[in-house]
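Everything on this sheet refers to the single structure shown next.
The values are calculated or read from the model by the stated rules, or taken from the named source; none is laboratory data. Please read these numbers as outputs of a predicted model, since none were measured by experiment. Positions of Cβ are generated from backbone atoms using ideal geometry, with glycine treated the same way; all protein chains shown enter the neighbour counts.
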Amino acid sequence: MERLHAVHREFDSLGMYGYIWPHTKEIPGVFEMGIFRMYTGDDGQSVIKELQQDDPILESLKTCTGCSLQINEPTEFSDFHPAPRRRWMSMLSGQIDIELADGTVHSFGPNDLRLWEDVTGKGHRTRFPVSSVSISMPLP
């Protein structure tokens, strides 16, 4: 997957700033959600793959039983670590940057759904680069 570009800020109809994420497909008046899976490859390194909306792995969303909120402060950073457990994650506000061992950085925001499955191996780095708190919703 290619390195994603910077986030673009745009005014919405109410004059509020909104974010257009580089991998979000924009349709006039509609944003299509990006769906991604991060898992451990055969070499022990984390891999990020975009999923299609008809991918069978999405069936596992039906087994989610609740949610929680995770709040991260601006500029928060975590060095390489594997995911603590398999879980789906969605951003409600802000941005998370995921850096893989090969140096690629993937940025995710409120229009993305992510499945974290890299529970073994070297893992990934995370940072929250926006100037306000980032709020995520993990789904167990």
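With the requirement that a residue be acidic (Asp, Glu) and within 10 Å of the chain's Cα centre (by Cα), what does region 97-130 give you? Those that are acidic (Asp, Glu) and within 10 Å of the chain's Cα centre (by Cα): 97, 112. Here's a check for you: in region 114-140, which residue that is among the aliphatic types (A, V, I, L, M) and over 18 Å from residue 95 (Cβ atoms) is surrounded by the fewest Cβ atoms within 10 Å (Cβ to Cβ)? That would be 119. Of the residues making up region 100-113, those that are of a type outside the set (S, T, N, Q) and surrounded by fewer than 18 Cβ atoms within 10 Å (Cβ to Cβ) are 101, 102, 103, 105.
Picking from residues in region 17-67 that are in a strand (DSSP E or B), loosely packed, with under 13 Cβ neighbours inside 10 Å and among the hydrophobic types (A, V, I, L, M, F, W, C), the one that is modelled with the lowest pLDDT is 27.
If you go through region 117-133 one residue at a time, how many are among the hydroxyl-bearing types (Ser, Thr, Tyr) and modelled with pLDDT under 95?
2
Of all residues in region 123-139, exactly one satisfies the criterion of being outside any strand (DSSP E or B) and touching a His at 6+ places or on another chain (Cβ under 9 Å), namely 123.
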